[in-house]
């Protein structure tokens, strides 16, 4: 058998090599593009989910009053959510104010007992007994006791309480932080100091 040189076979072999190389390039490019598209879609979906939760889960301040003759406010709030109810012990709060370039701050969770609150309960449903609810239910209103002072738990002193801010002519701020990231802040200004008076 005699070997013959076939030029067309050489061209065909080269074409197959180029074709396989092109398939590999197209396949890897397609993989990279699909992978990136999936990541972008998942990131967008997560952002929309977080934004929807934050936009539709909120605390609305309905009113505020001076609760006692020392350092307590009585607030009425409404919890609104299109998502889920929140566990009361996971909802944080901060009462703070500033006087002479010093910031005074008191913080805690709704489930924390406060000695000056009725039965030590800091939050209860409007129209119900002063029992700490397990969770905040969308559409319901709650009374909240906000105790002035500094620190956590029962705190110390009367800083940022109604009488304290009235005597110094400053504004206090009460913020509520939900576990999924939403938060609300209310300004507290006392223009007339007396138990039961409204706080602006």
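The values are calculated or read from the model by the stated rules, or taken from the named source; none is laboratory data. Since we're looking at a predicted model, the values are computed, not measured. All Cβ positions, even for glycine, are placed from backbone atoms using ideal geometry, and neighbour counts span all protein chains on display.
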Looking at region 179-200, I want the residues that are part of a strand (DSSP E or B) and have a partner that is surrounded by 14 or more Cβ atoms within 10 Å (Cβ to Cβ) and at pLDDT below 90 with Cβ atoms under 7 Å, at least 6 apart or on another chain. Which pairs are those?
184/58; 184/59
Counted residues, region 114-150 - those being more than 15 Å from residue 71 (Cβ to Cβ) and in contact (Cβ under 8 Å) with a residue 40 or more places away in the chain
13
Screening 151, 139 for residues that are exposed (fewer than 15 other Cβ atoms within 10 Å of the Cβ) and outside any strand (DSSP E or B) leaves only 139
Output the residues belonging to region 80-89 that are part of a strand (DSSP E or B) and either at pLDDT 90 or above or closer than 23 Å to residue 170 by Cβ (or both).
86, 87
Return yes when residue 127 is surrounded by fewer than 16 Cβ atoms within 10 Å (Cβ to Cβ), out of contact with any helix residue (DSSP H, G or I) (no Cβ under 8 Å at 6 or more places or on another chain) and not in a strand (DSSP E or B) and no when it is not.
yes
Across region 90-111, which residue is modelled with the lowest pLDDT among those that are over 16 Å from residue 162 (Cβ atoms), surrounded by fewer than 20 Cβ atoms within 10 Å (Cβ to Cβ) and over 14 Å from the mean Cα position of the chain (by Cα)?
111
Looking only at residues in region 158-171 that are out of contact with any helix residue (DSSP H, G or I) (no Cβ under 8 Å at 6 or more places or on another chain) and part of a loop (DSSP other than H, G, I, E, B), which one is surrounded by the fewest Cβ atoms within 10 Å (Cβ to Cβ)?
169
From (1) assigned to a strand (DSSP E or B); (2) loosely packed, with under 14 Cβ neighbours inside 10 Å, pick out the condition that doesn't hold for residue 174.
(2)
Take the residues of region 91-110 that are outside any strand (DSSP E or B) and either touching a strand residue (DSSP E or B) at 6+ places or on another chain (Cβ under 8 Å) or touching a residue at least 24 places away in the same chain (Cβ under 8 Å) (or both): which is nearest to residue 148 (Cα to Cα)?
110
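So which residues in region 180-197 are surrounded by 13 or more Cβ atoms within 10 Å (Cβ to Cβ) and in contact with a helix residue (DSSP H, G or I) (Cβ under 6 Å, 6 or more places away or on another chain)?
Narrowing region 180-197 to residues surrounded by 13 or more Cβ atoms within 10 Å (Cβ to Cβ): 180, 182-186, 188-190, 193, 195, 197.
Selection gives 180, 182, 190, 193.
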Of all residues in region 52-79 being surrounded by fewer than 15 Cβ atoms within 10 Å (Cβ to Cβ) and in contact with a strand residue (DSSP E or B) (Cβ under 8 Å, 6 or more places away or on another chain), which is modelled with the lowest pLDDT?
56
